[in-house]
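Values quoted throughout were computed directly from the atomic coordinates according to the rules given, and no laboratory measurement underlies them. Note that the structure is a prediction, hence the values are computed from the model and not measured. Quick reminder, even Gly has a Cβ in these numbers, built from the backbone with ideal geometry, and neighbours come from all protein chains shown.
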Amino acid sequence: MPIAIVRISDRANKIINIVKARHGLKDKSEAINKMAELYEEECEPALRPEFVRKMNRIAKQKPIFIGTIDDFRKRYG
């Protein structure tokens, strides 16, 4: 696990202490990890609309039966 020495503002320090108290965490490291976990949900990239449309179109198509592994082995084995 990485260890870091960081310089933070007084305001950031207060926020970390609030997160630590609110979530009942042992130390500031856990509070920073919790903040990163919460922020991760906001940062996840959204899928482009054209990609979503393409995937929805593909999902609606009729599946093609290609056989089983045994069929493949019999034919190409």
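Ignoring everything except DSSP H segments at least 4 long, calculate the 222 nm mean residue ellipticity for the chain; use -39,500 (n - 2.57) per segment, divide by total residues, nearest 500. It lands at -20000 deg cm²/dmol. Straight-distance candidates among the lysines for linking to Lys28, with alpha-carbon spacing under 26 Å and chain neighbours fewer than 8 residues away dropped: Lys14, Lys20. Per-residue packing, averaged as other Cβ atoms within 10 Å, sorts the ranges 48-55, 30-37 into the order 30-37, 48-55, beginning with the highest.
From largest to smallest, what semi-axes in whole angstrom does region 33-77 give when each is the square root of 5 times an eigenvalue of its alpha carbon gyration tensor?
Values: eigenvalues 327, 75, 10 Å².
Output for region 33-77: semi-axes of 40, 19, 7 Å.
Each 5 Å bin from zero up to the one holding the largest Cα-Cα distance in the chain carries the following percent of pairs: 3, 11, 12, 11, 9, 6, 6, 7, 9, 8, 7, 6, 4, 1, 0.
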